[in-house]
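Participant: Can you read through this structure? Questions will come right after.
The values are calculated or read from the model by the stated rules, or taken from the named source; none is laboratory data. Here the structure is a predicted model, which means the values were calculated and not measured. Neighbour counts run over all protein chains shown; Cβ positions are idealised from the backbone, glycine included.
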């Protein structure tokens, strides 16, 4: 019993380190890493060392985990917590939304199903279309299977939303309409 408990702790530590490493590499290669070191000694803060810190309140982490777990597509609480950390870290690079907003967008797009595929071929958590977005983000996604990788999918999906936000002059409503229908469909709606 004690051996299994220690094995689970070891697995958790390895997963946290792996998530931190992958996030650092992916965010650095797509040019969206913020280099902020936060010196916070608050007991209500969770800190995950990825060379820099992810600072996340335990309340926010709980809300994100609950949001992920309520869809019952991810049942492992450790996996939900790791996904919550990824969502939180990626949301730090988006000036227009927070982690809760981003997790709600993922819930709408895929119900937190890693393997979600839409009728138009959008893949993964944020329903990114490889035919439209593989080339612009080839530093993050090398093949179509990379769109099923939750970390890469969230990074690419959030960058697409960020690009739409910038091209919409900071209008989040327009950016979300573009995101949900793609740029071609959005152009047709405007005509």
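Participant: Pick out the one residue from 123, 78, 161 that is surrounded by 17 or more Cβ atoms within 10 Å (Cβ to Cβ) and within 25 Å of residue 62 (Cβ to Cβ).
Facilitator: One residue alone meets the criteria, 161.
Participant: Out of all the residues in region 135-157, which are in contact (Cβ under 8 Å) with a residue 12 or more places away in the chain, over 18 Å from residue 79 (Cβ atoms) and not in a helix (DSSP H, G or I)?
Facilitator: Result: 137, 139, 140, 141.
Participant: Would you check if there is a residue in region 2-17 being part of a helix (DSSP H, G or I), modelled with pLDDT under 60, touching a strand residue (DSSP E or B) at 6+ places or on another chain (Cβ under 8 Å) and surrounded by 14 or more Cβ atoms within 10 Å (Cβ to Cβ)?
Facilitator: Checking region 2-17: at least one residue is part of a helix (DSSP H, G or I), modelled with pLDDT under 60, touching a strand residue (DSSP E or B) at 6+ places or on another chain (Cβ under 8 Å) and surrounded by 14 or more Cβ atoms within 10 Å (Cβ to Cβ).
Participant: Out of (1) in contact (Cβ under 8 Å) with a residue 60 or more places away in the chain; (2) assigned to a loop (DSSP other than H, G, I, E, B), what's the single condition that is false for residue 90?
Facilitator: All conditions are met except number (2).
Participant: Hey, another quick one. Between a residue in region 162-174 that is outside any helix (DSSP H, G or I) and any residue that is buried (at least 16 other Cβ atoms within 10 Å of the Cβ), which pairs come within a Cβ distance under 7 Å, given they are 6 or more apart or on different chains?
Facilitator: 168/174; 168/175; 168/178
Participant: Another question about this same structure. Would region 178-185 turn up any residue that is over 19 Å from residue 63 (Cβ atoms) and either assigned to a loop (DSSP other than H, G, I, E, B) or under 13 Å from the mean Cα position of the chain (by Cα) (or both)?
Facilitator: Going through region 178-185, the residues over 19 Å from residue 63 (Cβ atoms) turn out to be 178-185.
After this cut, where a residue has to be either assigned to a loop (DSSP other than H, G, I, E, B) or under 13 Å from the mean Cα position of the chain (by Cα) (or both) as well, the list is none.
No, because not a single residue in region 178-185 is over 19 Å from residue 63 (Cβ atoms) and either assigned to a loop (DSSP other than H, G, I, E, B) or under 13 Å from the mean Cα position of the chain (by Cα) (or both).
Participant: Taking only region 98-120 into account, find how many residues are surrounded by 19 or more Cβ atoms within 10 Å (Cβ to Cβ) and either part of a helix (DSSP H, G or I) or in contact (Cβ under 8 Å) with a residue 60 or more places away in the chain (or both).
Facilitator: Here the count works out to 7.
Participant: Within region 121-131, identify whether any single residue is touching a strand residue (DSSP E or B) at 6+ places or on another chain (Cβ under 7 Å), in a loop (DSSP other than H, G, I, E, B) and modelled with pLDDT of 90 or more, and answer yes or no.
Facilitator: Looking through region 121-131, at least one residue is touching a strand residue (DSSP E or B) at 6+ places or on another chain (Cβ under 7 Å), in a loop (DSSP other than H, G, I, E, B) and modelled with pLDDT of 90 or more.
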